[in-house]
Amino acid sequence: MTQVERQQWDVVVVGAGGAGLRAAIEAREQGARTAVICKSLFGKAHTVMAEGGIAAAMANANEHDGWQVHFRDTMRGGKFLNQWRMAELHAQEAPDRVWELETWGALFDRTADGRISQRNFGGHEYPRLAHVGDRTGLELIRTLQQKTVALQQEDFRERGDYESGLKVFQECTVTRILKDEDGRVSGVFCYERESGRFFVIEAPAVVISTGGIGKSFKVTSNSWEYTGDGHALALLAGAPLLNMEFVQFHPTGMVWPPSVKGILVTESVRGDGGVLRNSEGKRFMFDYIPDVFKEKYAETEAEGDRWYDDPDHNRRPPELLPRDEVARAINAEVKAGRGSPHGGVFLDVSTRMPAEVIRRRLPSMYHQFKELADVDITAEAMEVGPTCHYVMGGIAVDSDSAAARGVPGLYAAGEVAGGMHGSNRLGGNSLSDLLVFGRRAGLHAAQYAGGLGEGGRPAVDEDQVDAAAAEALRPFSAEGPVEGEPDEGRPPENPYTLHQELQQTMNDLVGIIRREPEMGQALEKLGELRVRARRAGVEGHRQFNPGWHLALDLRNMLLVSECIARAALERTESRGGHTREDWPEMDRQWRRANLLCRLADPTGNLAATDPVRGQIRLSREETEPVRPDLLALFEKEELVKYLSEEELHE
Amino acid sequence: MSSYEAGFRVWRGDTEGGGLEDFKVEVHDGEVVLDIIHRLQATQAPDLAVRWNCKAGKCGSCSAEVNGRPRLMCMTRMSVFTRDEVITVTPLRAFPVVRDLVTDVGFNYTKAREVPAFVPPSDLGPGEYRMMQEDVDRSQEFRKCIECFLCQDTCHVVRDHEENKGAFAGPRFLMRVAELDMHPLDAADAEGLDRKTTAQDEHGLGYCNITKCCTEVCPEQIRITDNALIPLKERAADRKYDPLVWLGNTIRRRGR
């Protein structure tokens, strides 16, 4: 039996970004003793990189806005594949979640009458994004961090211990969810990055809020943390992932210099008036308005330009189409030879507004281009191109409670959860998603844990602890050949090399435009990498050893990448964040189909998995019909584009 | 695109001690110091410990000292150095080393907890807050802080005086006090909390002798000294010498 430190908590939250902290705050306020585990320092989560804003129909900027309008926009953006109940709850609750942040000290930009200012964004009918310049994510994370500290100060006043009711275990990584013999969550197995020490937290409820998967792709806006940990933890615990083929490529990432390729250029640049041009100086987006959006976007530059000042009588410019549309358009322009010198297109604000306004409204973009690319965005155009940004797919959850399917005690919220955004997420809907479903996950996790009572807590299975410890230590004993295997005599694999090969594979073969033979190649390559990853070795010891951490993260990235590749191969249509060159049309029959990924070997024994057959099994299920009163929010002519004949007649 | 080989000198070691280690490493156009550290990890020193997250100057994780100056490695372009210059990268000096370039920044989290949180006004519910942009501008400037702790590292009050750490919150958290004090709706007063006085009495504002080192290293260009610390000092002084405040405090004390 492995001797590791044990602690007992009521709720464990894995991840301390927006969703995780919101979940933790809620669980603690419900009276649950709550532990938060995060890979980075407290307050550094990937949420800080969100720039544009939080979408919430507060109607501060346009009185016609309301949750129904927000719901409609979200469903359109997701091409009607959204788990509609989530989209409904999200639209209804987002305003309360934003207002509540003000009571915790957040300072949003203001309207002239002192309310929260709201800005335009792609796919949103009205100005809807609460924001702070272009650093909204930082404001969100800092506010939640400071609220967490405020609760700790309360606990200190009452009990003399800051960490008695809510504790953050920073720079710690969870490698396994533990379960009891009935399959209920019993805790988590973790290591501390600083010391390499293992520990177990025994808890009946676990909220996964680990964010996304972007580090499996070469060009990405995501930080190192985005290795799909939560997706993999859920799979390994027996929970299915939903619609993993939908990966959002943000249309505007930096393309030069190479070392910053992929870093995000916020959509606010376009929301505030920035335009996209090709090498011929043409605003090409007017050529790329798809049929489903034809009536909603301006046909001329003049109309598009008028919209910024008079949105009630003009239609919005096509630069503000949903992200999937804009990303594909940029891709097509570059491919047609009309790209910028470094393989992107031009995004220009310099000719659209005065330098001083640019510096005030887009301070961090100004700063970022000046510092990293020697480009003054008030004087010249930026060069931008698509970058892997967000995964719409994720852990399949119950809409109301955020409970993961099939594993009692497991919850998921934020990017790691699937369903909410359908096949494509609108900008601004991520931060609101974190708050709405973070709170719900925390609430239901606390209620579930509280309902079990002290005697009813699932026991930790010691064999699982031993297995988890052995798995985590394997990279240190990866030395040399395995007897009888053909690769005898080869040195251990370098985890950094494996990671680079994985990123290249996903980028080239399962990227923004997908083709059947390439995805087949990707699956073969993933099989090869999986075998090699078992021999990933590390030097040195367990104390703050990045090579070791990466070797362990590879398991997660390989699992998630396989889910994406398999689901993408299966879905023979193009919709939102999934574009098939060989199946270019959106197919109304596919709208009803959800693809679920499960672990092929339910015992979770990855080492025994056949490299060719893979680790993931796909299954298809039919989505629940949209509730009639929600469908009634749309015009029949619009529904015809998305819903099949049978659905329309039902 | 051109590349060259640069000389790097990186501090390696742990709590037991350590020293500078020399490396020769390839550098490409447009790269930053963090890119080079990553290349060292991938090719020569897989266990080289370093913190980083966003690599875009937004999270404040990759703080270190480059040629002795506290900086974010992700925002330090290689083009600011000459090609024959040996670049020395060392961990933040004001905090204890954990390993290589990683330091124990726990001091900052301890200080964060000592600053009482925002106090919401009791008469306003969620959604009822009204604040004018010009009234939130100042606090918003301070909220740009990415908590890289470079100001905490460079401030000479603690940089060379470990003994001051107990009594001194450092520029970042004095600025947090200023931010709350200037928040248009903070209701600390109503709870009997005078943030100006506590800045002086509990967070060590008096140690600061406005040398502006913190402002110089701030990657967000927040004017910490001019906009946060000096006004806070003035406000604290006003409180102390304001006869009405003195009288009020005296009467309140008598009432206890």
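If you plug each phi of the stretch A:242-248 into the Karplus form 6.51 cos²θ - 1.76 cosθ + 1.60 with θ = phi - 60°, what whole-Hz ³J(HN,Hα) values come out, in order, with x for Gly and Pro?
Residue by residue, the stretch A:242-248 yields 10, 6, 6, 5, 8, 10, 8 Hz.
May I ask you to evaluate 6.51 cos²θ - 1.76 cosθ + 1.60, the Karplus curve with θ = phi - 60°, for each residue of the stretch A:436-443 and list the ³J(HN,Hα) values in order in whole Hz, giving x for glycine and proline?
Those phi angles translate into 5, 8, x, 4, 5, 5, x, 4 Hz.
For peptide B:107-115, what's the mean number of Cβ atoms from other chains within 10 Å of each residue's Cβ? Show your work: numbers first, answer last.
Details: counts 0, 3, 7, 1, 0, 6, 7, 2, 3.
Mean shielding by partner chains, rounded to a whole number: 3.
Which percent, nearest 5, of DSSP beta bridges in chain A are antiparallel? Don't skip to the answer; put the middle values down first.
On the way: 44 of 69 bridges.
For chain A, the DSSP antiparallel bridge percentage is about 65.
Tell me whether the protein assembly as shown comes out rounded, prolate or oblate; compute the Cα gyration tensor, take square roots of the eigenvalues as a ≥ b ≥ c, and use a/c under 1.5 as the rounded threshold.
On the way: a/c = 1.29, a/b = 1.12, b/c = 1.15.
Because its axes are fairly even, with a/c under 1.5, the protein assembly as shown counts as rounded.
Using the basic label-point model (7 angstrom from Cα toward the beta carbon), what is the A:Asp182 to B:Gln133 distance in nanometres?
5.8 nm
Along the Cα-to-Cβ line of A:Glu570, 7 Å from the Cα, sits a label point; which residues in the stretch A:404-430 have backbone N less than 20 Å from it?
Inside the label zone: A:404-407, A:416-424.
Past 20 Å, Cα to Cα: identify those pairs from A:Lys525/B:Lys55; A:Lys39/A:Lys261; B:Lys55/B:Lys144; A:Lys147/B:Lys233; A:Lys218/B:Lys24, in the order given. Don't skip to the answer; put the middle values down first.
Values: A:Lys525/B:Lys55 28 Å; A:Lys39/A:Lys261 24 Å; B:Lys55/B:Lys144 17 Å; A:Lys147/B:Lys233 27 Å; A:Lys218/B:Lys24 26 Å.
From A:Lys525/B:Lys55; A:Lys39/A:Lys261; B:Lys55/B:Lys144; A:Lys147/B:Lys233; A:Lys218/B:Lys24, over 20 Å: A:Lys525/B:Lys55; A:Lys39/A:Lys261; A:Lys147/B:Lys233; A:Lys218/B:Lys24.
Using amide H atoms built in the peptide plane, which far-off residues or other-chain residues are under 5 Å from A:Gly187 H to H?
Amide H neighbours of A:Gly187, under 5 Å, 5+ apart: A:Leu178, A:Ala203.
Please find, in a Gaussian network model of chain B (springs between Cα atoms separated by less than 10 Å), the residue of B:Ser61, B:Ser79, B:Ser122 whose mean-square fluctuation is greatest.
Comparing B:Ser61, B:Ser79, B:Ser122 in the GNM, the peak value goes to B:Ser122.
Please give the charge dipole size of chain A, origin at the Cα centre, charges +1 on K and R Cβ atoms and -1 on D and E Cβ atoms. Round to the nearest 20 debye. Working shown, then result.
On the way: 77 positive and 101 negative charges, 125 e Å.
Value, rounded to 20: 600 debye.
Taking the Cβ of A:Thr173 as the center, what net charge do the other residues with Cβ under 9 Å away carry, scoring Lys and Arg +1 and Asp and Glu -1? All intermediate terms of the calculation are to be shown ahead of the outcome.
Details: positive: A:Lys39, A:Arg193; negative: A:Glu171, A:Glu192, A:Asp229, A:Asp553.
Taking every other residue near A:Thr173 into account, the sum is -2.
Against the longest principal axis of chain A, how steep is helix A:363-373, in degrees 0 to 90 to the nearest 10, with axes from Cα atoms?
80 degrees
Considering Cα pairs under 8 angstrom that are at least six residues apart, work out the relative contact order of chain A and quote it in whole percent.
Details: 1490 pairs, mean separation 128.4, N = 650.
Contact order relative to length: 20 percent.
Can you tell me which of B:Thr103, B:Thr154, B:Thr82 moves the most in a GNM of chain B? Springs connect C-alpha atoms under 10 Å apart.
Of the options given, B:Thr82 has the highest mean-square fluctuation.
Can you give the angle from 0 to 90° between the axis of helix A:546-570 and the longest principal axis of chain A, with both taken from C-alpha atoms, to the nearest 10?
60 degrees
Quickly estimate the mean residue ellipticity at 222 nm for chain A, helices only: each DSSP H run with n ≥ 4 gives -39500 (n - 2.57), and the total goes over all residues, rounded to 500.
Values: 18 runs with 228 residues, N = 650.
It lands at -11000 deg cm²/dmol.
Please report, ordered by residue number, every helix of chain B (full DSSP H runs) that is 24 Å or longer along its axis going by C-alpha atoms and whose mean Kyte-Doolittle hydropathy reaches 0.0. Provide the component values of the computation, followed by the final result.
Numbers: long enough: none.
In chain B, no H run is both long and hydrophobic enough.
If you take every residue apart from A:Ser350 with its C-beta less than 12 Å away from the C-beta of A:Ser350, what net charge results, scoring Lys and Arg +1 and Asp and Glu -1? All intermediate terms of the calculation are to be shown ahead of the outcome.
Details: positive: A:Arg277, A:Arg352, A:Arg359; negative: A:Asp348, A:Asp376, A:Glu380.
Net local charge, A:Ser350 excluded: 0.
Please compute the net charge surrounding A:Asn62, taking Lys and Arg as +1 and Asp and Glu as -1 over other residues with Cβ under 10 Å from its Cβ. Present the calculation step by step, with values, prior to reporting the outcome.
Working: positive: A:Arg128; negative: A:Glu63, A:Asp65, A:Glu125, A:Asp312.
Here the charged neighbours net out to -3.
What ³J(HN,Hα) values, in whole Hz, does the Karplus curve 6.51 cos²θ - 1.76 cosθ + 1.60 give for the stretch A:301-312 when θ = phi - 60°, with x put for Gly and Pro?
The phi angles translate into 4, 4, 5, x, 5, 5, 4, 4, 9, 9, x, 6 Hz.
Antiparallel as a % of all DSSP beta bridges within the stretch B:3-102, to the nearest 5?
85 percent
Which of the aspartates and glutamates could a cross-linker bridge to A:Lys370, judged by Cα under 19 Å and excluding same-chain residues fewer than eight apart?
A:Glu51, A:Asp134, A:Glu267, A:Asp348, A:Glu356, A:Glu380, A:Glu383, B:Asp29, B:Glu31, B:Asp35, B:Glu216, B:Glu220
Shape verdict for the stretch A:250-388, please, from the Cα gyration tensor: rounded (a/c under 1.5), prolate (a/b greater than b/c) or oblate.
oblate
Every number here is computed from the coordinates shown, using simple stated rules; none is lab data. Bear in mind the structure is a predicted one, so any value in this text is a computation, not a measurement. Cβ: placed from backbone, ideal geometry, glycine included. Neighbour counts: every protein chain shown.
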